[in-house]
Amino acid sequence: MTTTTTTDQPAPAPVPAGRPGHGPGAGTRRAGRQLHGGPVAYAVLAIFTVGSLFPLVWTAVAASRNSSRLARTPPPLWFGSNLARNLETAWTDANMGLALFNTVLVAGSVALGTVLFCTVAGFAFAKLRFRFKSVLLMLTIGTMMIPPQLGVVPLFMVVAELEWTDRLQSVVLPTLVSAFGVFFMRQYLVEALPTELIEAARVDGASSWRVVWHVVFPVARPAMAVLGMLSFVQAWNDFFWPIIALTQENPTVQVALTGLGRGYVPDQAVIMAGALLGTLPLLLAFTLFGRQIVGGIMQGAVKG
């Protein structure tokens, strides 16, 4: 005779049909739901947007006025009728056409060289084995603690010895590699580049440069985009070394703008017009390529 023992277990509580966040597909619905910011978030974003755009708008407003109106109180808050004339004066007096061409050439060369050299060096520090790797990495990072002003005099002596004064290579070559770029790419490749991928390429007979070209560069593309953007902006806005190495005969934008401030009474409206001319190409570049840059950053974040 078989005895069947039954254990009383409490029945699960019924789930109300209209209660959100419960039921079989609740987790999927919550995961796929798009989050929306409240009014406070939009207000904070609006304040930061206005604060970020105000210097550019004020530059355009000041460039459309004259110096006498800018000197009065309260300052003007809307555009005037002198924008075209001030832009033409700044373009002619500062040799802005040559300055923009030189700046695009210098910033593009610096960004390209920094991305290529720093990626290769970062890959070496991240994945290759060689003697004194840690010591060399510490020395590279340590150079970031040295003020750049300390190297100006010996650097200018080398440039003068090579007869590179007032030539663009005197601005490009000293900045083709940065310690920050090497460290930045090294930190990215340590996590983003699997060692097994390099070993597989080695097994297939790939040389070191082929590994760099076909394996490292595709993996490091998001970080390369960020580093290229930062290097381009820094080279475009660089003033300290170009004002020493270049003259008004062969200037970059920042050097050319110093020519507008000369004279007993500098024309502030013309200076603002020159600053606007020097800023617009950079804004145009970010407008055209900003989506690709942000997409590369997001791609790297998702892969990481």
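Before moving on, here are some points about what is shown:
- Burial ranking of peptide ranges 203-215, 224-236, 119-131 (average Cβ count within 10 Å, highest at the top): 224-236, 119-131, 203-215
- Centre separation in Å (Cα based) which lies between region 231-291 and region 116-157: 29
- Its Cα gyration tensor gives region 54-143 an equivalent ellipsoid, and the semi-axes of that ellipsoid, as √(5λ) in whole Å with the largest first, are 49, 17, 10.
- When every Cα-Cα distance of region 126-167 is counted in 5 angstrom steps from zero, the calculated P(r) takes the values 5, 18, 15, 14, 12, 14, 13, 8, 1 percent.
- Remark: spin-label model distance residue 44-residue 68 equals 4.8 nm, labels positioned 7 Å along the Cα→Cβ axis.
- Full extension of the chain between residue 57 and residue 166 gives 35.9 nm of extra length, using 0.36 nm per residue less the Cα-Cα distance.
- Applying D = kT/(6 pi eta Rh) to region 147-215, where Rh is the Kirkwood radius over alpha-carbon pairs, T corresponds to 37 °C and eta to 0.692 mPa s, the Stokes-Einstein value obtained is 213 µm²/s.
- Inter-probe distance in nm under a simple model that places probes 7 Å from Cα toward Cβ, at residue 234 and residue 131: 3.1
- Across region 117-133, computed HN-Hα scalar couplings (Karplus, 6.51 cos²θ - 1.76 cosθ + 1.60, θ = phi - 60°) run 5, 5, 5, 5, 5, x, 5, 4, 5, 7, 10, 8, 10, 7, 5, 6, 5 Hz from first to last residue, x flagging Gly and Pro.
- 5 Å binning of all Cα-Cα separations within region 169-281, expressed as whole percents from 0 upward: 2, 9, 15, 14, 13, 10, 9, 8, 7, 5, 3, 2, 1, 0, 0
Any read-out appearing in this document is the output of simple, stated calculations on the displayed coordinates, not a laboratory observation. The model shown is predicted, which means the values in this text are computed figures rather than measured ones. Virtual Cβ from ideal backbone geometry, glycine too; neighbours counted across all protein chains shown.
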